[in-house]
Amino acid sequence: MRPLLPVVAALAFAASGALAVPTAPPRPTKARPHAAKTTKKRINLDVQNADIRNVVRLIGDTSGQNFVIGDDVKGRVTIKLRNVPWDEALDVILATKDLGKTQHGDNIIRIAPRTVLEEERARRLDRADECQEKGPLTTRLIPVNYGRAADMAPLVKATLTKRGTVTFDERTNTLIVRDVDCP
């Protein structure tokens with residue numbers, strides 16, 4: 001017997017022409033060692049000229065994920081998929097309309113046009129670069145146990161920014177690390 005929630009969700013979106021019903025989990029097969037194993041819920045999706053926002057909401061109801069859909073996400077889709085993991089179905093729908101997604105936390109997915117997401121990413125990278133070049137330096141004292149601070153200093157130096165420095169105090173076996181502290 002199928003769970004009631006996906007059937008109720010499918011009925012709620014019937015007016016938009018959307019229908020998604022979870023299928024039974026796939027039978028275990030002998031997996032090849034290099035093959036990726038999918039554990040996502042599989043769905044059947046059959047929509048005809050449906051609003052993309054309603055289709056994404058339907059996938060959200062079926063998958064248990066929370067979706068935030070931007071105002072500039074528009075369009076209609078016609079698609080028929082059978083026994084497909086919900087995340088793959090979502091990726092295909094988003095690619096069809098040149099949309100992208102970003103994951104926030106464990107179960108929040110934001111949907112927006114790819115150009116918007118790329119611009120936001122470029123701005124974040126610019127802020128990070130600016131912070132590394134002009135951000136304030138912070139000093140941290142790191143006590144070393146079960147080893148010598150002198151031996152650890154070169155390993156730590158490899159992880160610092162170009163403005164970062166590392167020294168050590170042999171008397172207290174402590175690393176003195178000074179580097180940019182960006183959020």
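Screening PRO143 against (1) outside the structural domain of GLU170 (by TED's automatic domain parsing); (2) in contact with a strand residue (DSSP E or B) (Cβ under 7 Å, 6 or more places away or on another chain) leaves a single unmet condition, (1). The residue of the range 46-59 that is nearest to LYS74 (Cα to Cα), among those that are in contact (Cβ under 8 Å) with a residue 24 or more places away in the chain and within 23 Å of the chain's Cα centre (by Cα), is ILE52.
Within the range 115-141, the set of residues being closer than 24 Å to GLN103 by Cα and among the hydroxyl-bearing types (Ser, Thr, Tyr) comprises just one member, THR115. Among the residues of the range 101-132, those identified as assigned to a helix (DSSP H, G or I) and in contact (Cβ under 8 Å) with a residue 24 or more places away in the chain are VAL116, ALA128, CYS131, GLN132. Does the range 109-126 contain at least one residue that is under 23 Å from ILE43 (Cβ atoms) and β-branched (Val, Ile, Thr)? Yes, that holds for at least one residue. Residues in the range 135-183 that are in contact (Cβ under 8 Å) with a residue 40 or more places away in the chain, surrounded by 14 or more Cβ atoms within 10 Å (Cβ to Cβ), in a strand (DSSP E or B) and not aliphatic (A, V, I, L, M): ARG178, ASP179.
The values are calculated or read from the model by the stated rules, or taken from the named source; none is laboratory data. Bear in mind the structure is a predicted one, so any value in this text is a computation, not a measurement. Virtual Cβ from ideal backbone geometry, glycine too; neighbours counted across all protein chains shown.
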